[in-house]
Amino acid sequence: MHRGKGMKFVGDSRVPYKANRTKTPPDYSEYPGKTEPFWPDFLLKEWMVGAVFLIGYLILTVAHPSPLEAQADPTNTGYIPLPDWYFLFLYQLLKYEYASGPYNIIGAMVIPGIAFGALLLAPFLDRGPERRPMKRPLPVAFMLLAIASMIFLTWESVVNHDWKAAAKQGAIVETVEFDKESDGYKVYAGQSCINCHGENLEGGAGPSLMNTGLTADEVAKIAHEGIGGMPPDQYKGSDEDLQKLAEFIESLKAK
């Protein structure tokens, strides 16, 4: 290479000075406390958090146990089932005329299938990078419609359900042993009482006749005058048989 001659480096002012410099990622060990061993430190913390939540759930289950009802009776057509709260909106669909009876398949399969299928397609309607709700009208509209529908149907189901009747029909009643060959039971079986109160007096469309706390005179009065949903003059028979029936029901007490 001769003097005065040689390699010349020409720079471009449009390229930033540090543009081509690669920055080495910092070593996280330079920051004490930012790293920890996966075993046992990290797993121990995760286990402790999980244990706290598990203990909390166990305490809730002990303090507020699941409500139990009487033994299921397939012959009781008056029982009104009720699903858990997160299925109430689907349960409400089956109460409408266009989704019940012969159209059960519409309320149970078609409408929920279309609704959940639309929610699965919602993310594909707007695949842009924008994340603000106002910039994504279609997915936000579908989601708000779904939430509003679920809240409305759940509310309708809760409001229109007879909670007092449901509590009575599912109550666990202590059974009482009795003789079906007794005169009182024979009168009971020959009257219309057995259709509403069950073969074993356990209740059905009507309440259970065990442990009523009623006297024989009160039972006879109800048989003639009725009570609640029971209309008057349901008993058809002699006063002598009514007395046997009333004394029989009075005797059905837990010992």
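Annotations
- Looking across segment 62-71, just one residue is farther than 16 Å from Ala205 by Cβ and surrounded by 10 or more Cβ atoms within 10 Å (Cβ to Cβ), and that is Glu69.
- For segment 89-107, the set of residues classified as open to solvent by 60 Å² or more (accessible area, probe 1.4 Å) and part of a helix (DSSP H, G or I) consists of Glu97, Tyr98, Pro102, Tyr103, Asn104, Ile105, listed by residue number.
- In a residue-by-residue description of segment 71-92, the property of being farther than 18 Å from Ala166 by Cβ, within 20 Å of the chain's Cα centre (by Cα) and among the small types (Gly, Ala, Ser) applies to no position.
- Among the residues listed as Leu209, Leu144, Leu153, Leu138, the single one being in contact with a Leu (Cβ under 6 Å, 6 or more places away or on another chain) and under 30 Å from Asp84 (Cα atoms): Leu209
- Filter result (among the β-branched types (Val, Ile, Thr) and touching a Phe, Trp or Tyr at 6+ places or on another chain (Cβ under 7 Å)) within segment 74-129: Ile106
- Of the criteria (1) closer than 29 Å to Glu202 by Cα; (2) touching an Asp or Glu at 6+ places or on another chain (Cβ under 9 Å), which one Tyr103 fails: (1)
- Residue within segment 21-37 that is farther than 30 Å from Met210 by Cβ, in a helix (DSSP H, G or I) and either modelled with pLDDT of 60 or more or not small (Gly, Ala, Ser) (or both) present: yes
- Filter pass, Val110 being outside any loop (DSSP other than H, G, I, E, B), under 30 Å from Ser208 (Cα atoms) and modelled with pLDDT of 80 or more: no
- Among the residues listed as Leu125, Leu120, Leu88, the single one being closer than 23 Å to Glu156 by Cβ and either out of contact with any strand residue (DSSP E or B) (no Cβ under 8 Å at 6 or more places or on another chain) or touching a residue at least 24 places away in the same chain (Cβ under 8 Å) (or both): Leu88
- All conditions in (1) at pLDDT 75 or above; (2) of a type in the set (A, V, I, L, M, F, W, C); (3) touching a His at 6+ places or on another chain (Cβ under 6 Å) hold for Val158, with the sole exception of (3).
The values are calculated or read from the model by the stated rules, or taken from the named source; none is laboratory data. All values derive from a computational prediction rather than experimental measurement. For neighbour counting, all protein chains shown are included, and Cβ atoms are generated from backbone atoms with ideal geometry for every residue, glycine included. Quick note on the areas: whole protein, heavy atoms, side chains included, nothing else; ligands and nucleic acids left out. Shrake-Rupley method; radii C 1.70, N 1.55, O 1.52, S 1.80 Å.
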